[in-house]
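A short worksheet on the structure shown next.
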Amino acid sequence: MRLLIAILALPLCAQPIYDILIRNGHVIDPANGRDARMDVVITGNKIVRVAENLPAAHAREVIDAGQFYVTPGLIDIHTHVDAQGAQLNVNPDHNCLPSGVTTAVDAGSSGHKNFEHFKRLVIDRSQTRVLAFLNIVGAGMYGAVEQDVFEMDPDAAAAMIRKYPGIIVGIKTAHFKPPGWDAVDRAVKAGTLANVPVMVDFHPMEKYPELVLERMRPGDIDTHFYGRLTPQLDANKKMQPYILAARKRGVLFDVGHGSGSFWFRIAVPAIQQGFLPDTISTDLHKSSIMLPRANMITTMSKFLNIGMTLQQVIERSTIRPAKAIRRSDIGTLSEGAIADVALIALDRGKFAYLDSGHGKLIGDRRLRCALTIRNGKVVWDEQGLSLTDVSRAGPYSNFK
Ligand SMILES: [Zn+2]
């Protein structure tokens, strides 16, 4: 009888019960306070276990992560994405997944008039999880009517946000030129009606304290924080006290690197004075991905080289942005979460980084995304970590 049980049990034990085992990586998962060598197990599209020394025999596929940091899929909360080659926007999959970004939040490409078109063409067709800040302008950035206050309808915007909870995660106001608070106030009104945060890209130099101390609400997000149009430092390069007061009342400060909004001459003194960003983001678009190289992994590398720890950088690219957009279900390796994972290499050497102008900074570390898993599937694998050496691969066909 004992022999029979042993025989019956054998094939069961040998059955793979996990789809992917990411073995022996240095897991940094700030949402769960993890910062140690561990294994991460995926079954289907879910994280099912994170622990030490899990049995490889139970996995269909083992990825050796001994040389890498294993983090939740990164979240970039300021992007401009499109699958149709719009004037400014870039393809989310091509520009996010190779950076380890599994969630890209489009910052105001569409408004209430054209969000559903944007959803059909971009959100529904991308492997990247694309979410959106709805532009307070009805036609978003496509309509060339960003200065027209009559295009800003808080009720219509709030109704569209309520129709897509968790997909439209906030409201955006940007590039408003006339004096006055119409754009900000209407965006805040829509945000209040729909109970979502507002991302603000509006930098009235002399009135900036009023913006962050009075007009914006706790939880609203000021983007382009290290830009030269944001009066964050005084003449002696000291942080302005009102910025600290704004942070204290709960306003969030986001990077939004872009082609014009990240300057080493501002970011370095701010970081040295301990003013870290609440969230790291790229303002990814056709210009920013070129000379300043404002993709996510390079932007994170810049902050690593100007004084932030790797743990701080990862936290501000995962659970902090998730909380800012009130999606704490992502940016985490919690058991039961959707399996979005990045394997990140930390290269040492001499690396040049560009800011949004003519500034260059030489650093000694570079982050590089080696592999990205989105929704349980390997979607980026720079080094073939999930593949078999050709000498042992047998007959095989193409990826699709
Ligand atoms: Zn932008």
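Quick notes on this structure:
- Only residues that are open to solvent by 60 Å² or more (accessible area, probe 1.4 Å) and within 16 Å of the ligand (Cβ to nearest atom) were counted in the stretch 140-186, giving 4.
- Among the residues of this structure, residue 289 does not count as one that is closer than 27 Å to residue 66 by Cα and either open to solvent by 10 Å² or more (accessible area, probe 1.4 Å) or free of Cβ contacts under 8 Å to residues at least 24 places away in the same chain (or both).
- Qualifying residue in the stretch 372-381 (condition: over 16 Å from residue 73 (Cβ atoms) and without any contact (Cβ under 8 Å) to a residue 40 or more places away in the chain): no
- Residue among 40, 48 that is assigned to a strand (DSSP E or B), surrounded by fewer than 23 Cβ atoms within 10 Å (Cβ to Cβ) and at pLDDT 95 or above: 48
- Verdict on residue 62 being farther than 30 Å from residue 119 by Cβ, open to solvent by 10 Å² or more (accessible area, probe 1.4 Å) and touching an Asp or Glu at 6+ places or on another chain (Cβ under 9 Å): no
- Cβ-Cβ under 7 Å pairs, at least 6 apart or on other chains, the stretch 174-187 side over 19 Å from residue 230 (Cβ atoms), far side at pLDDT 90 or above and within 16 Å of the ligand (Cβ to nearest atom): 186/136
- Taking the stretch 195-218 as the range and being away from the ligand (no atom under 16 Å from the Cβ) and open to solvent by less than 20 Å² (accessible area, probe 1.4 Å) as the test, the residues that pass are 196, 208, 211, 212, 216.
- Meets criteria (open to solvent by 10 Å² or more (accessible area, probe 1.4 Å) and under 17 Å from residue 281 (Cβ atoms)) for residue 250: no
- Candidates 71, 79, filtered to the one that is open to solvent by less than 50 Å² (accessible area, probe 1.4 Å), within 16 Å of the ligand (Cβ to nearest atom) and not charged (D, E, K, R): 79
- All positions within the stretch 253-268 that are crowded, with 23+ Cβ neighbours inside 10 Å and more than 16 Å from the ligand (Cβ to nearest atom): 267
- Test for residue 94: is it modelled with pLDDT of 95 or more, farther than 22 Å from residue 377 by Cβ and either within 19 Å of the chain's Cα centre (by Cα) or surrounded by 24 or more Cβ atoms within 10 Å (Cβ to Cβ) (or both): no
The values are calculated or read from the model by the stated rules, or taken from the named source; none is laboratory data. Remember, it's a predicted structure, so these values are computed and weren't measured experimentally. No Cβ is skipped: glycine too gets one built from the backbone with ideal geometry, and neighbour counts run over all protein chains shown. Accessible surface areas use protein heavy atoms only, side chains included; no ligands, DNA or RNA. Shrake-Rupley method; radii C 1.70, N 1.55, O 1.52, S 1.80 Å.
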